[in-house]
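The values are calculated or read from the model by the stated rules, or taken from the named source; none is laboratory data. All values reported here derive from a predicted model rather than from experimental measurement. Note: areas computed on protein heavy atoms with side chains; ligands, DNA, RNA excluded. Shrake-Rupley method; radii C 1.70, N 1.55, O 1.52, S 1.80 Å.
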Amino acid sequence: MNPAAVPFEFFTVAHLTRIGNQRAATLAELLAGLEQCSDASIFHHTYQTLGRHHFLTEGFSNDFAQWALADANRDALAEQLAALDIRDYVSIAALRADLCRVVRDYCSEHPEFADQTALDPFFFCESVEVTVPFGRTASTLSEFRDGIAHLSHSAFYFHFISSRLRLQLRTNDFSHWLADSLGLKELAERVNRVDIYTNTLDSARAKLLRLIDLERGTHDGNTNSNPNGNPHGNSHPPR
């Protein structure tokens with residue numbers, strides 16, 4: 001396999017959290033907040049929450065769903081909010097629209113709950129993302145594997161989860177480079193199918209590394225085949 005013409009550059013990332021002046025004590029106020037809050041706030045309470053809770057595979061994956069369950073005591077609404085899969089979105093605007101739709105429809109169907117005060121208010125926060133080069137690049141599959149193995153949780157999250165918004169594609173940085181730069185489209189698809197909800201960041205990384213190892217084994221096997229077509233490198237058939 002030839003080295004990539006454009007190497008993959010790994011980045012490390014940090015997120016600074018800022019508490020805004022918006023809050024919601026009722027479902028109606030939550031809807032108003034969802035309509036008016038910044039894109040950075042929607043990102044923080046959905047994408048960034050998934051990164052912060054990287055060690056969990058159970059429970060709700062966004063802050064809105066968690067608040068609806070724990071503080072507003074609206075189980076059905078919480079389930080509907082949690083059912084929104086961030087892998088389906090390539091823009092914050094589309095995600096915001098669906099969050100608003102779910103809350104609006106619930107309030108229309110259950111007007112008696114719209115102005116009911118929750119146990120604790122929801123505070124809208126924002127995430128400010130700061131990225132710097134990790135100091136490592138990859139031009140081959142082996143270098144790429146080594147880079148992924150050394151990434152921090154936040155850097156892995158940056159390349160594998162939040163990159164969908166940056167690329168505006170239903171994929172991630174890893175799959176995008178594997179397909180476009182190394183021509184490994186099938187591997188790219190398998191990597192993109194790793195479930196970010198049923199895996200922790202560590203187990204998702206482990207699955208990616210196994211997929212890459214399988215791909216390397218395939219290419220190594222082809223490379224090591226002898227001219228006679230016997231992959232075992234001798235004249236005897238395998239036992």
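Suppose a student asked you for the relative contact order of the chain, using Cα pairs under 8 Å spaced at least 6 residues apart; what percent would you report?
It comes to 29 percent, rounded to a whole number.
Relative to the present Cα-Cα distance, how much length would full extension add between Ala76 and His153 at 0.36 nm per residue of separation?
The Ala76-His153 span can extend by a further 24.5 nm.
Compute, for Tyr197, the solvent-accessible surface of its heavy atoms (probe 1.4 Å) with the complete set of protein chains present, and express it in square angstrom to the nearest 10.
50
May I have the extent of the alpha carbons of the chain along their three principal axes, as whole Å values ordered from largest to smallest?
For the chain, the Cα spread along each principal axis is 80, 39, 25 Å.
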